[in-house]
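What follows is a single structure, written as structure tokens, with notes after it.
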Amino acid sequence: MSGWELFLFSFLNLRVMAEYLPSIAAGFLLTVQLAALIIASGLALALLLAVLRSLGSLVLSFAIVLFVDLFRAIPPLVLIVLLYFGLPNLGFTPSGFVCTWVVLALVLAAFAEEIVWAGILSVPKGQWEAARSTGLSFFTTLRCVVLPQALRLAIAPLTNRTIAITKGTALGSVVAVSEILAQASAGVSFSSNPSPLTLGALAYLVLFGPMVLLARRIERRFAWRH
Amino acid sequence: MLSRPIIEARAIHKSFGPLKVLDGVDLVVAERELVFIIGPSGSGKSTLLRCLNRLEEPTSGHIVGDGIDVLARRTDINALRRRIGMVFQSFNLYPHMTALGNVAFALRRVVGLRRRDAEERARSALALVGLADKADAYPAQLSGGQQQRVAIARAVALEPRVMLFDEPTSALDPELVGSVLRVMRQLREGGMTMVVVSHEMEFARAAADRVLFMDGGRVIEQGPLDCLFGAPKSDRLRAFLRSLERH
Ligand SMILES: Nc1ncnc2c1ncn2[C@@H]1O[C@H](COP(=O)(O)OP(=O)(O)OP(=O)(O)O)[C@@H](O)[C@H]1O
Ligand SMILES: [Mg+2]
């Protein structure tokens, strides 16, 4: 076999790819579900934390900063493994799926809270004062005056961070989550041919490609016009 | 001035940490009166205005606004603020809302008007400040003078009992100052009670009932403009007036 043929045989082996397409498709669907759960719960928690922090309670702010710094500092894989192998000792036996979801959602919440909070801080004090001076409540001001401006600034770093962390779903392969990478690796072992990995890469591209494009569009759409 | 006071502030003290910013200020503003406040930078003019609607919490003192105890705990501050309009040096329009949206927002959320009614009232407030044709413009598309007039419309639309102006023209290019002062004159002629912190002495000459000179957190002198400027009693006011002439 020539070098080129060898490459085709190893990485683009259609026979092997066809054989493992169903399992990788299943992994794809599972990854989509996992990603959707992480993004929805992570961003919702981030917003909630940023709002709580804006209340100005010292105790609350301290607790939030502690949470944020902890989850930004520790590698997500360590946390996933810790949950998966540690919690059973405490009587809980969460699945690898749940462990991966919870950890990545918390990590996303930590990073995203900082981004949203920075956005809130960047809104001039005058906006608060103007709104409050017309009789608007704290929460109406936050929700309708401050957050729209804060999120507009935050949206680009937020989408980037969301994509980066959601790609961490691949870490689930370590704790028996049958997501794309796990299925592809299994395929490689069984067939002794790396082509399933190529298929896996394509599956990631199909999943995250549109997200990256969406991020680009959002960035352009929300470019500050002042 | 026989009409009852709209604002009655007594012995207002305000400190930021060790810094005493207001040191026993009394301010009584009668209905339909225009009180003009002058004083050097840092003398506490803005802080005094901001105490009147509790954007700043006085350290001690009493404020009655439109018959309501402003500083009492049980006072619904949001209901009160609606009746005390405020205009800021830096306009502070909401950049993500149109001029109409800026004016209509509190009408919907605070007064509780329905969208159509709020927008109708917002449009007449914009017409009042000469910006009927800019209803759909965003703040970024307006000049500073136009933005400040939208800000005035935003406050006036709530039909306040008194309007507070904190250096409303200081951030404007000189050629835009006139348009804002004209709107203020017009409000004045409509009988609006006003407290104005400003350096626009022409405006004071034309519209002020009373001028109040502040320095170091106290009211040093007050009275009709001619008395104050014609025969200043204190050295501090004399020094301040000299510093004005130099500009
Ligand atoms: N939130 C704050 N925290 C600490 N110090 C403050 C605060 N707000 C105002 N000050 C201080 O209080 C003093 C009075 O401020 P204020 O803004 O009332 O003065 P002013 O008369 O309006 O001055 P200017 O003409 O420059 O606007 C200043 O020394 C200012 O630095
Ligand atoms: Mg000031």
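Every number here is computed from the coordinates shown, using simple stated rules; none is lab data. Note that the coordinates shown come from a computational prediction; the quantities given were computed from them, not determined experimentally. No Cβ is skipped: glycine too gets one built from the backbone with ideal geometry, and neighbour counts run over all protein chains shown.
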Averaged across orientations, what area in nm² does the convex hull of the alpha carbons in the protein assembly as shown project? 32.1 nm²
Would you kindly state how much longer the chain becomes between residue B:76 and residue B:127 on full extension, computed as 0.36 nm times their sequence separation minus their alpha carbon distance, in nm to one decimal? 15.3 nm
Which is the longest stretch in chain B that no exposed loop site breaks, taking sites as trypsin sites (Lys or Arg not before Pro) with a DSSP loop state and at most 14 other Cβ atoms within 10 Å? B:115-232
Say a paramagnetic label sat at a point 7 Å from the Cα of residue A:72, along Cα to Cβ; which residues of the stretch A:19-42 have their backbone N under 19 Å from it? A:42
If you line up the Cα atoms of chain B on their principal axes, what length do they span on each, largest first, in Å? 54, 45, 39
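Counting pairs of alpha carbon atoms under 8 Å apart in space and at least six apart in sequence, what relative contact order in percent does chain A give?
32 percent
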Cα-projected label distance for residue B:96 with residue B:186, points at 7 Å along beta-carbon direction, nm: 3.1 nm
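With r as the distance between the Cβ atoms of residue B:241 and residue B:206 and R0 = 22 Å, compute the FRET efficiency 1/(1 + (r/R0)^6) and round to 0.05.
Values: r = 18 Å, r/R0 = 0.83.
According to the calculation, E is roughly 0.75.
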Of the DSSP H helices in chain A, those whose Cα atoms cover at least 15 Å axially and whose Kyte score averages 0.5 or more: A:14-54, A:58-73, A:96-122, A:147-166, A:180-191, A:195-221
Roughly what would the spin-label model give for residue B:4 and residue B:137, points 7 Å off Cα along C-beta, in nm? 4.2 nm
Rounded to 0.05, the calculated FRET efficiency for the beta carbons of residue B:59 and residue B:170 at R₀ = 22 Å is 0.25
Ignoring everything except DSSP H segments at least 4 long, calculate the 222 nm mean residue ellipticity for the protein assembly as shown; use -39,500 (n - 2.57) per segment, divide by total residues, nearest 500. -18000 deg cm²/dmol
In nm, what is the difference between 0.36 nm times the number of residues separating residue A:18 and residue A:164 and their Cα-Cα distance? 49.6 nm
Once both label points are put 7 Å beyond Cα along the C-beta direction, the residue A:90-residue A:9 separation in nm becomes 5.2 nm
